[in-house]
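The values are calculated or read from the model by the stated rules, or taken from the named source; none is laboratory data. None of these values were measured; they are calculated from a predicted model. Using ideal geometry, Cβ is built from the backbone for each residue, glycine included, and neighbour counts are taken over all protein chains shown. Each accessible area value is taken on the protein alone, full model and side chains, heavy atoms only, with ligands, DNA and RNA left out. Shrake-Rupley method; radii C 1.70, N 1.55, O 1.52, S 1.80 Å.
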Amino acid sequence: MTRDRRKWPLYEVFIRGKRGLNHVHVGSLHAADDRMALTHARDLYTRRNEGVSIWVVRSDAITASTPDEKDPFFAPSGDKVYRHPTFYDIPEDVPHI
Amino acid sequence: MSNVEVENDAQHHAQHHAQSGTGERRLQAHFDRTISHNQRIEPRDWMPEGYRKTLIRQIAQHAHSEIIGMQPEGEWITRAPSLRRKAILFAKVQDEAGHGLYLYSAAETLGADRADLTERLIEGRQKYSSIFNYPTLNFADVGVIGWFVDGAAICNQVPLCRSSYGPYARAMVRICKEESFHQRQGYELLMTMMRGTEAQRQMVQDAVDRWWWPSLMMFGPPDSESSHTVQSMAWRIKLHTNDELRQRFVDMTVPQAEKLGVVLPDPQLRWNNERGHHDFSTPDWSELKRVIDGDGPCNAQRMARRRAAHEEGAWVREAAGAYAAKQAAHEAGKKRQEGPAG
């Protein structure tokens, strides 16, 4: 924490639109501390009842995968077609499957 | 979505370079393919420097416009004719602030620094929309700004919801949803005034006369003089040319003016059956150039106000920082007292 406005940390904001839905990332904002981040998030991202719950998390606390979607990081799931139901041929006349 | 991502991106980029001399070309090809498949570029993807720079400039200019755009209408909050109009105007001006912040947030995903963007605006190194350098002389101006200026903004922004840069496109979706209220409250305000006295009707016509041409200029110079259009369209950060959007705005507004009972101040304005569009006169481009170059009726006033707001808010930012530091120290002290067992 610092007195310099320039160093107010960046927070990422996640909103649960309504009960039953996941929190979804909506954007970011700067705030001096966690509580201010939460009230700013309310003022900025829920002016029209867009949310019933807000998470804020400092951006520098997020660990992310590398950028490219085709990154080898995701390779383990690429060739496992048998993980999908459509991999299996079932006769048309077998019901409820 | 964050600074940390931008840093990771740079590292990733560097690794790629280290791995192969053809890295840059491969990355460029991947980028081009993403754009041509109409997919989104996301913050951590590799992108050409020109794309990043142009987007930062475009998004920042857009953000600055939203922030400066609070001023012309904000002046009327204390003088709104009823509590209903005051509450509406408050909400609208708050929305403009919100739109500015969504956009600054999008610019930051490209590695721009928010405080630096504010500085650039205050020092006049980055521009904002020419339209906000015109004065709001009577309350009908509030209605006409909603109708024309927000209407023009909608023409501009709806296509940008499909812009190639993910965070920008998503900010546009939020903004467009809210912009619709802005336009409708303006038109409703004007309808109310048109049902009033003769003097009120004259106020509406006067505001229409003054705002029509500046609104057409909002779309920027004609295509023949627009220097960035070709590259920006190839990058899909601009989806229609200035002239296309201007035409769309005119076609959209003419029937609304008829319904309202006002005359748009252009004797050449008429439907062209062959083109399937309205013909209209050429705006005074020398005026647009003058206003962009800083010589509009309110440029100095708008900048002075923005600068003052920033300076007058310094103590608030400082106090919040001091409070946060104190709380953090307090927490740290408590943890120390509790000791390793705690």
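General remarks:
- Accessible surface, 1.4 Å probe, highest first, among residues B:282, A:63, B:109, B:22: A:63, B:282, B:22, B:109
- Each principal axis of the Cα cloud of chain B was evaluated for its coordinate range; sorted largest first, these ranges are 79, 54, 33 Å.
- Projected label distance in nm at residue B:226 and residue B:270, using a 7 Å step from Cα toward the beta-carbon: 2.8
- Extension gain (nm, one decimal) between residue B:243 and residue B:184, 0.36 nm per residue minus Cα-Cα: 18.8 nm
- Folded to 0 to 90 degrees: helix A:34-45 orientation relative to chain A principal axis, Cα: 70
- In region B:291-327, burial by the other protein chains removes 20 Å² or more of accessible area from B:317, B:318, B:320, B:321, B:322, B:323, B:324, B:325, compared with the chain on its own (1.4 Å probe, ligands and nucleic acids ignored).
- Förster radius 25 Å - calculated FRET efficiency between residue B:32 and residue B:53, Cβ distance, rounded to 0.05: 0.90
- Heavy-atom accessible area buried between chains A and B is around 2700 Å² (1.4 Å probe, both sides summed).
- Here the alpha carbons of region A:4-90 define both size measures, Rg and Dmax, at 18.7, 65 Å.
- Residues B:172, B:218, B:191, ordered by accessible area of protein heavy atoms at a 1.4 angstrom probe radius and largest first, appear as B:191, B:218, B:172.
- Note on chain B: helix-only mean residue ellipticity at 222 nm, from DSSP H runs of 4+ residues weighted -39500 (n - 2.57) and normalised by residue number, equals -21500 deg cm²/dmol.
- Rg to Rh quotient for region B:29-111, alpha carbon positions, Kirkwood Rh: 1.21
- Of the solvent-accessible surface of region A:10-87, computed with a 1.4 Å probe and all protein chains present, 56% belongs to carbon and sulfur.
- Residue B:83-residue B:137 FRET efficiency (beta carbon distance; Förster radius 22 Å; 0.05 resolution): 0.45
- Restricting the calculation to Cα atoms, the protein assembly as shown yields a radius of gyration followed by a Dmax of 25.3, 84 Å.
- Residue B:39 paired with residue B:91, simple spin-label distance in nm, labels 7 Å along Cα-to-beta-carbon: 4.0
- Per residue, region A:10-87 exposes an accessible area of 66 Å² to a 1.4 Å probe, with every protein chain left in place.
- A simple packing score, the average count of other Cβ atoms within 10 Å per residue, orders the peptides A:33-40, B:314-321, B:267-274 as A:33-40, B:314-321, B:267-274, with the highest score first.
- Projecting label points 7 angstrom from Cα along Cα→Cβ for residue B:281 and residue A:82 puts them 7.7 nm apart.
- Region B:12-114 - percent of accessible surface contributed by carbon and sulfur, probe 1.4 Å: 56
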